[in-house]
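Structure record follows, encoded as structure tokens.
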Amino acid sequence: MTERRTLLSALTHEELERICDIAEEAARKYIVSKVPKEGISDLTISVSLESSESLNVNVDVEVRLSPLYGNVNVKELVKDSVKAAFEAVEKHLSSIRRMSHEQ
């Protein structure tokens, strides 16, 4: 599991849900871009948020591949998918920040 902190508070419930969706979608898209769907035996992506003074985003990815894809480095795949999830969340949060500054 990996965690990243973001200095953002006062997000609505809908915005928090959207952040979870964005992170999960980005991680899933990354994995499917590297391994075809039929090569994935099991894929679980969990995204959780904790908010106090800052927003903590936790992304946990578990993947099991078909034996035909034994040459794929699963640890690296998971690490890079989590990185893609954080990058997508940070991009989304940057756009929220920009919109709030424009108002």
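Readers should treat all values here as calculations from the given coordinates under stated rules, not as data from a laboratory. Because the structure is a prediction, the values reported are computed rather than measured. Methodologically, a virtual Cβ is constructed for each residue, glycine included, from the backbone with ideal geometry; neighbour enumeration extends over all protein chains shown.
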- Item | Theoretical ellipticity at 222 nm over the chain - DSSP helices of four or more residues, -39500 (n - 2.57) apiece, nearest 500 | -17500 deg cm²/dmol
- Item | Inter-label distance for Lys79 and Glu25, nm, one decimal - labels placed 7 Å from Cα along Cα-to-Cβ | 2.8
- Helix 74-102: angle to the longest alpha-carbon principal axis of the chain, degrees 0 to 90, nearest 10? 20
- Item | Calculated FRET efficiency for the pair Glu14/Asp42, C-beta based, R₀ 35 Å, to 0.05 | 0.70
- Message: Between Glu50 and Arg98, what is the label-point separation in nm under the 7 Å Cα-to-beta-carbon projection?
- Response: 3.1
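With the cut-off at 1.5 for a/c, could you classify segment 10-103 from its C-alpha gyration tensor as rounded, prolate or oblate?
Values: a/c = 3.02, a/b = 2.44, b/c = 1.24.
Because a/c hits 1.5 or more and a/b exceeds b/c, segment 10-103 counts as prolate.
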- Message: I'd like the GluC sites (Glu not before Pro) in segment 36-71 restricted to DSSP loop residues with at most 11 other Cβ atoms within 10 Å, sorted by number.
- Response: Glu53
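Give the residue list of chymotrypsin sites (Phe, Trp or Tyr not before Pro) in segment 15-103 that are DSSP loop and have at most 15 other beta-carbon atoms within 10 angstrom.
none
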